[in-house]
Amino acid sequence: MLWVYFLLFILGLVIGSFLNVVVYREIKSQKAKVKRQKYKAKVKSLLPKWVLGRSYCDHCRQKIAWYDNIPLLSYIFLKGHCRACGKKISFQYPLVELLVAFEFIWVFWLLKRFSFFARAEGFYSFCVLFYWFYIFSALIVILI
């Protein structure tokens, strides 16, 4: 059963990282820059601007490599600084990632404690679980 909590923690870190992008791009009202391609023209008009584009440093605008974009671990290995310019990365990023990870574990624990998974099995229980993940994640975005 410990592996379930570990997987929920990892999922929470990944979702928390995505929520950081949503919050940053919505608050700053920045548009993601996407190369003009024929198939992206239609998709670009349908999706919000914060969905498109890659992560980049707030200071030097350098695109972040995939190995520097691993939730929480990259912040620890880079000691809270950008690899390209060396400026300090906001502590908000790992804090939100950790908050969402612990939130996912807490929601699962609560549902399990009230014997929810004993009564409702299968696909329905996972839908309800992810529904509560969505609600609490949206509340964190609103809070920030």
Give me the residue from the range 2-54 that is of a type in the set (Val, Ile, Thr) and modelled with pLDDT under 80 and, out of that set, least open to solvent (accessible area, probe 1.4 Å). Val34
Candidate set from the range 95-106 (those that are touching a residue at least 40 places away in the same chain (Cβ under 8 Å) and open to solvent by 70 Å² or more (accessible area, probe 1.4 Å)); member that is farthest from the chain's Cα centre (by Cα): Phe102
Per the filter on the range 71-84, residues in contact with a Pro (Cβ under 9 Å, 6 or more places away or on another chain) and open to solvent by 90 Å² or more (accessible area, probe 1.4 Å) are Ile76
Condition first: open to solvent by less than 90 Å² (accessible area, probe 1.4 Å), at pLDDT 85 or above, part of a helix (DSSP H, G or I) and out of contact with any Asp or Glu (no Cβ under 7 Å at 6 or more places or on another chain). Can you find one or more residues in the range 56-70 that meet it? no
Count - residues of the range 81-94 that are in a loop (DSSP other than H, G, I, E, B) and either touching a residue at least 12 places away in the same chain (Cβ under 8 Å) or aliphatic (A, V, I, L, M) (or both): 7
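The values are calculated or read from the model by the stated rules, or taken from the named source; none is laboratory data. Since this is a predicted model, take the numbers as computed values, not measurements. Cβ sites come from the backbone with ideal geometry, for glycine too, and all protein chains shown count toward neighbours. In case anyone asks, the SASA skips ligands and DNA or RNA and just uses the protein heavy atoms, side chains included. Shrake-Rupley method; radii C 1.70, N 1.55, O 1.52, S 1.80 Å.
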